[in-house]
Amino acid sequence: PGDEGLQKGPLVTPPPATATGVPMIAIDGISKWYGSFQVLTNCTTQVEKGEVVVVCGPSGSGKSTLIKCVNALEPFQTGQITVDGTKVKDKGTNLPKLRSRVGMVFQHFELFPHLSIIANLTLAQRKVLGRGADDAGKRGRDLLARVGLSAHADKFPGQLSGGQQQRVAIARALAMNPVVMLFDEPTSALDPEMVGEVLDVMVELARDGMTMMVVTHEMGFARKVADRVIFMDKGEIVEDAKKDDFFGKPRSERAQHFLSKIL
Ligand code: ADP
Ligand code: MG
């Protein structure tokens, strides 16, 4: 009801990169262990400004762990990740500032349940970016309109459907003017009839030029807007290919097998 989707415009246009001539995200030789269990093995890839990269692979292959390393929600033992010229693993890096530039959307929305929708949209703008209540509120309401949820500003998360909550979560991330957006299976907890409304918002965002790394098994989304597809298995990046090459014929047997099961 009243869902007008995400429209193009300055609100969702990512700010210019501070570093030029380098990838927006550079993942360079990342390995990570939980105790003696190696969860990531020498992962290397890059995401250019404006690129949309879909990450897929079997459950437990390390997809969530890898994207959480990008905004330092998970530490890694070896390698380096650079986001818009800032090293993730560096004593001099201001992690709250880095995280404020990397929007993240999770499977389970993770809105603050005790705060209204508009308060969800303004809290970090005020606390992290120091915006005034008026500025933060205006941006929050504008973004809520962009995801088609103007009428719900004063409700609480529990009063919204899963698809609506996930659109709020996307708007909340965008409120921080991120240079990149990370998504971890944003539609896999949703009832089937709500998947489309969330993917539509993500498609508009991709078309608006946002740099995106998206863990998803929604291959329709990948076909529509991905530039590249990464396939992970057992903590390794097994395939990293242009979309058409990936869907045309994945090089590895493991990716072929995976695709044959989900398509
Ligand atoms: P995916 O997102 O591809 O399903 P994850 O990145 O969540 O995979 O997990 C990769 C592997 O790491 C899995 O085998 C999982 O059980 C393991 N793992 C994830 N988090 C932890 C943790 N905190 N401690 C130990 N093992 C973990
Ligand atoms: Mg996962």
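One residue stands out among those in the stretch 41-72 that are in contact with a strand residue (DSSP E or B) (Cβ under 6 Å, 6 or more places away or on another chain) and more than 20 Å from Arg228 (Cα to Cα): the one that is surrounded by the fewest Cβ atoms within 10 Å (Cβ to Cβ), which is Thr41. If you go through the stretch 225-251 and keep only what is over 14 Å from the mean Cα position of the chain (by Cα), crowded, with 22+ Cβ neighbours inside 10 Å and either in a helix (DSSP H, G or I) or among the small types (Gly, Ala, Ser) (or both), you end up with Gly235, Phe246.
Yes or no: Ala153 of a type outside the set (Ser, Thr, Tyr), in contact with a helix residue (DSSP H, G or I) (Cβ under 9 Å, 6 or more places away or on another chain) and more than 16 Å from ligand 1 (Cβ to nearest atom)? In short, yes.
Name every residue in the stretch 131-155 that is crowded, with 16+ Cβ neighbours inside 10 Å and aliphatic (A, V, I, L, M), in order of residue number. Ala136, Leu143, Leu144, Ala145, Val147, Leu149, Ala153 - these are the residues of the stretch 131-155 that are crowded, with 16+ Cβ neighbours inside 10 Å and aliphatic (A, V, I, L, M). I'd like to check something: does the stretch 100-111 contain any residue that is without any contact (Cβ under 8 Å) to a residue 12 or more places away in the chain, assigned to a strand (DSSP E or B) and within 16 Å of ligand 2 (Cβ to nearest atom)? No. Every condition in (1) farther than 25 Å from Leu144 by Cα; (2) away from ligand 1 (no atom under 16 Å from the Cβ) is met by Phe109 except one, and the failing one is (1). Among residues of the stretch 9-38 being within 16 Å of ligand 1 (Cβ to nearest atom) and either assigned to a loop (DSSP other than H, G, I, E, B) or surrounded by fewer than 20 Cβ atoms within 10 Å (Cβ to Cβ) (or both), the one that is nearest to the chain's Cα centre (by Cα) is Ser31. Can you work out which of the residues in the stretch 168-217 that are of a type in the set (Asp, Glu) and in contact with a helix residue (DSSP H, G or I) (Cβ under 6 Å, 6 or more places away or on another chain) is nearest to ligand 1 (Cβ to nearest atom)? Only one residue tops the list, namely Asp184. Residue pairs whose Cβ atoms lie under 6 Å apart, sitting 6 or more positions apart in sequence or on different chains, and linking a residue in the stretch 62-73 that is closer than 13 Å to Lys97 by Cα to a partner that is part of a helix (DSSP H, G or I) and away from ligand 1 (no atom under 11 Å from the Cβ), are Asn71/Arg99; Ala72/Leu95.
Kindly indicate whether any position in the stretch 136-148 is under 17 Å from the mean Cα position of the chain (by Cα) and closer than 23 Å to Lys243 by Cβ. Looking for residues that are under 17 Å from the mean Cα position of the chain (by Cα) and closer than 23 Å to Lys243 by Cβ, one finds none in the stretch 136-148, hence no. Quick one: is Gly158 surrounded by 14 or more Cβ atoms within 10 Å (Cβ to Cβ), touching a residue at least 12 places away in the same chain (Cβ under 8 Å), of a type outside the set (A, V, I, L, M, F, W, C) and over 25 Å from Lys49 (Cα atoms)? Answer is no for this residue. Please verify whether Val39 is within 22 Å of Ala175 (Cα to Cα), touching a Phe, Trp or Tyr at 6+ places or on another chain (Cβ under 7 Å) and aliphatic (A, V, I, L, M), treating the condition exactly as stated. Answer is no for this residue. Taken as a whole, the stretch 202-224 holds no residue that is in a loop (DSSP other than H, G, I, E, B), among the hydroxyl-bearing types (Ser, Thr, Tyr) and over 23 Å from Cys69 (Cα atoms).
Could you list, in sequence order, all residues of the stretch 51-88 that are at pLDDT 95 or above, part of a loop (DSSP other than H, G, I, E, B), more than 14 Å from ligand 2 (Cβ to nearest atom) and over 13 Å from the mean Cα position of the chain (by Cα)? Passing the criteria: Pro75, Phe76, Gln77, Val88.
The values are calculated or read from the model by the stated rules, or taken from the named source; none is laboratory data. What you see is a predicted model, and the numbers here were worked out from it, not measured in a lab. With ideal geometry, Cβ positions are generated from the backbone for all residues, glycine too; neighbour counts draw on all protein chains shown.
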